[in-house]
Amino acid sequence: MSQLTTYPLRLPRSLRTGVERFSKQDGISINQFVSIAVAEKLAMLQAEVYFAERSARADMSAFDALMQRTTGVAPQAGDEM
C-alpha cells in the first residue's frame, strides 16, 4: 500500500456541498471522493500527454500507404461503408 499523506484542502462552500452530496450518494468518504477525482484528472492528463507523444511519432506517409493498399479481404455482408 502506498504511503498516505495529509493535505489541508479549502473548498468553496458550493463545491463542498456537492462533494458531500455525491460522496454520501456513493457511500464513500469525502476523502475517498476527492482522491478518486484527483486520480481521474491525473489519468486524463497523462493520457493526453501519451497521445500527444504518440501523435508526434506518427509516420503519415506510411499510414497513407497502408490506407491505399488494394490487397486484403473484402468486407463481410453488413460491414460495407
Would you mind stating whether residue 34 is surrounded by 10 or more Cβ atoms within 10 Å (Cβ to Cβ), touching a residue at least 12 places away in the same chain (Cβ under 8 Å) and at negative phi?
yes
Report yes if some residue within the range 48-62 is surrounded by 10 or more Cβ atoms within 10 Å (Cβ to Cβ) and basic (Lys, Arg); otherwise report no.
no
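Every number here is computed from the coordinates shown, using simple stated rules; none is lab data. On a predicted model such as this, the values are computed, not experimentally measured, just so you know. Cβ: placed from backbone, ideal geometry, glycine included. Neighbour counts: every protein chain shown.
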